[in-house]
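First the structure, in the form of C-alpha cells, and then the observations on it.
The values are calculated or read from the model by the stated rules, or taken from the named source; none is laboratory data. As the structure is a computational prediction, the values presented were derived from the model and not from experiment. Cβ: placed from backbone, ideal geometry, glycine included. Neighbour counts: every protein chain shown. Remember, those area values only see protein heavy atoms, side chains included, never the ligands or the DNA or RNA. Shrake-Rupley method; radii C 1.70, N 1.55, O 1.52, S 1.80 Å.
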Amino acid sequence: MCILKIHSETISFKKFCETTKIPVFSVTDKGELRGKTRVSETFVASFDVSDAEWDEFSQQIDDAINFLTVHFGELNQLITETPDADGYLDFPIYSRLNNDIVNQNDHFPKKLINLAGKLNFGIEMAIYSPDAFE
C-alpha cells in the first residue's frame, strides 16, 4: 500500500484533486483534522500508488514505477505550480527480523530513484512489526 504524499505550506491541493486522473487517497487543507484529533499543519494531498500488501515490497516497487511513469506529466505540472511542494513515496513494509534473521535489507531500484528524483520526491520506508496492529 504505497502512498505518494505531497505537502505545501501555501497552496491547497483540493482543486487539483477534484480534476486529476491520479487516484486520490485523501486531501486535507491546513487547519483541518487529519484523523480524529490531529490538525494538519500543511496542505496535504495523498495518492494511491500501490494496493500491494505490506509484505509485497517488490510489487509496491513495480507499482510505484508504473504510477510515476503513467502520471509523470500531471505530477510534474503539480510540482511546478506548487513551488514549496515537498513530496515523498511512503512504502509501508513489515519487518522480517526475528531470532533467525538479524538484518533486513530492501533495495530501491535505480529506475524508481530516477523517476522520483526527476519529480523532486523523496522515498520513505516505514517498517512495522508484523503484530503492530493486533
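See the values below:
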{"item": "Relative contact order (%) - the range 48-124, alpha-carbon pairs under 8 angstrom, separation at least six", "result": "38"}
{"item": "Protection-proxy order for peptides 22-31, 93-102, each taking the mean of Cβ atoms within 10 Å per residue, highest first", "result": "22-31, 93-102"}
{"item": "Crossing angle, helix 57-81 versus the chain [Cα axis fit, 0-90 degrees, rounded to tens]", "result": "20"}
{"item": "For the range 16-23, Karplus couplings with θ = phi - 60° (6.51, -1.76, 1.60), whole Hz, Gly/Pro x", "result": "4, 5, 6, 10, 6, 8, 6, x"}
{"item": "Accessible area (Å², per residue) of the chain, counting only protein heavy atoms and a probe of 1.4 Å", "result": "61"}
{"item": "Förster radius 30 Å - calculated FRET efficiency between residue 74 and residue 39, Cβ distance, rounded to 0.05", "result": "0.55"}
{"item": "Dipole in debye (nearest 20) - the range 1-82, about Cα centre, beta carbon charges: Lys, Arg +1; Asp, Glu -1", "result": "460"}
{"item": "For Kirkwood radius over Cα pairs in Å, calculated from these coordinates, the label among (i) 15.8; (ii) 16.2; (iii) 26.5", "result": "(i)"}
{"item": "Relative contact order computed over the chain (Cα-Cα under 8 Å; 6+ residues apart), in percent", "result": "28"}
